[in-house]
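A quick write-up on the structure given underneath.
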Amino acid sequence: MADSLPARGELGMRLKALQQAGRLELHGAFRIVSLARTDGAITVRGEEAAVIEGIDEIIAATGARPNLDITRELRVRHDPWLESTDLLAPLIDPNEHSCGTVRPHGHRELAHPEQGYYAVGAKSYGRAPNFLMVTGYEQVRSVGPRWREICAPPTTCSWRCRKRASAARRPEAHQAQALAVAGRRRSRRLAAASRTSRQGKREKPDAVVPRRQPRRRQGRAAVRKPPRHGYTLHVDRAFDEA
């Protein structure tokens with residue numbers, strides 16, 4: 001069956017040619033138990049006493065998963081299995097889709113609750129292995145204008161400041177108003193002092209005259225409540241004669 005991606009199909013044909021030429025060994029269903037380094041080479045031991053010796057380097061092509069530590073302080077919503085966005089996960093499920101069957105998607109499928117945060121490229125697929133570069137280009141083409149629209153500073157102002165009173169804009173008018181208020185207060189104090197002087201008191205033009213308290217009548221009965229006894233009737237005759 002021909003591969004839907006010509007470049008990937010060509011890669012498979014080249015690997016098959018290397019195997020037929022004896023330059024590539026294929027070990028299927030090999031479960032690794034331990035690794036050991038001997039004389040500068042790596043020895044791999046598997047189950048049922050299977051051993052592969054003379055290996056210079058091991059390249060683990062067992063898949064990948066994204067490092068999500070950078071998003072710990074962000075409001076994100078990931079699929080629990082693929083670790084991509086929850087809207088993108090059903091579109092790239094490797095059990096149902098291959099690289100050629102993933103339909104185009106953009107900023108709507110890549111969005112998170114954190115406004116302005118998008119993961120594009122291979123990181124957006126999470127653990128799914130069917131990512132293509134052309135898909136990443138389309139993601140950036142969709143997210144770029146949307147991100148610029150969100151982060152762009154406002155060009156217009158939609159609120160207006162209320163104008164202050166004219167006296168506040170003109171210092172001389174504000175000062176004249178304050179002097180008028182002070183003059184009225186001083187006039188009231190002088191009038192109160194003159195009334196006090198006519199009643200035989202010592203004149204105090206600059207002092208504020210306190211409000212006079214009404215005299216209590218002599219012989220008024222007052223009812224007091226002792227702390228531990230009942231109510232009693234008490235007549236207080238020691239009043240202030242001033």
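The values are calculated or read from the model by the stated rules, or taken from the named source; none is laboratory data. In this text, all values refer to a predicted model and were calculated from it rather than measured experimentally. With ideal geometry, Cβ positions are generated from the backbone for all residues, glycine too; neighbour counts draw on all protein chains shown.
Cβ separations smaller than 7 Å between residues 6+ apart or across chains give the following pairs from the stretch 128-139 residues that are under 16 Å from residue 66 (Cβ atoms) and in contact (Cβ under 8 Å) with a residue 24 or more places away in the chain to residues that are assigned to a helix (DSSP H, G or I) and β-branched (Val, Ile, Thr): 128/92; 130/92.
Looking only at the stretch 150-165, decide whether some residue is modelled with pLDDT of 65 or more and not in a loop (DSSP other than H, G, I, E, B). Checked against the condition, which is being modelled with pLDDT of 65 or more and not in a loop (DSSP other than H, G, I, E, B), the stretch 150-165 yields at least one hit.
Looking at the structure I just gave you, is residue 17 modelled with pLDDT of 90 or more, of a type outside the set (Ser, Thr, Tyr), within 30 Å of residue 132 (Cβ to Cβ) and not in a loop (DSSP other than H, G, I, E, B)?
Values: modelled with pLDDT of 90 or more: yes; of a type outside the set (Ser, Thr, Tyr): yes; within 30 Å of residue 132 (Cβ to Cβ): yes; not in a loop (DSSP other than H, G, I, E, B): yes.
When the stated conditions are applied, residue 17 passes them.
Restricting to the stretch 57-78, give me the number of residues that are more than 15 Å from the chain's Cα centre (by Cα) and either surrounded by 12 or more Cβ atoms within 10 Å (Cβ to Cβ) or part of a strand (DSSP E or B) (or both). Count: 4. Condition first: crowded, with 17+ Cβ neighbours inside 10 Å and touching a Ser or Thr at 6+ places or on another chain (Cβ under 8 Å). Now tell me which residues in the stretch 84-104 satisfy that. If the condition is that a residue be crowded, with 17+ Cβ neighbours inside 10 Å and touching a Ser or Thr at 6+ places or on another chain (Cβ under 8 Å), then 84, 85, 88, 92, 99, 102 are the ones that fit. When residue 43 is tested against (1) outside the structural domain of residue 144 (by TED's automatic domain parsing); (2) part of a loop (DSSP other than H, G, I, E, B); (3) at pLDDT 90 or above; (4) of a type outside the set (Gly, Ala, Ser), just one condition goes unmet, and that condition is (2). Consider the stretch 109-121 and keep the residues that are under 12 Å from residue 140 (Cα atoms) and outside any loop (DSSP other than H, G, I, E, B). The one that is farthest from the chain's Cα centre (by Cα) is 121. The single condition from (1) free of Cβ contacts under 8 Å to residues at least 12 places away in the same chain; (2) polar (S, T, N, Q); (3) in contact with a strand residue (DSSP E or B) (Cβ under 9 Å, 6 or more places away or on another chain) that residue 20 fails is (3).
Just checking, how many residues over the stretch 109-128 are loosely packed, with under 13 Cβ neighbours inside 10 Å and at negative phi? Please lay out each step first, then the result.
Step one: of the stretch 109-128, the residues loosely packed, with under 13 Cβ neighbours inside 10 Å are 113, 115-116.
So of that shortlist, the ones also at negative phi come out as 113, 115.
Total meeting the criteria: 2.
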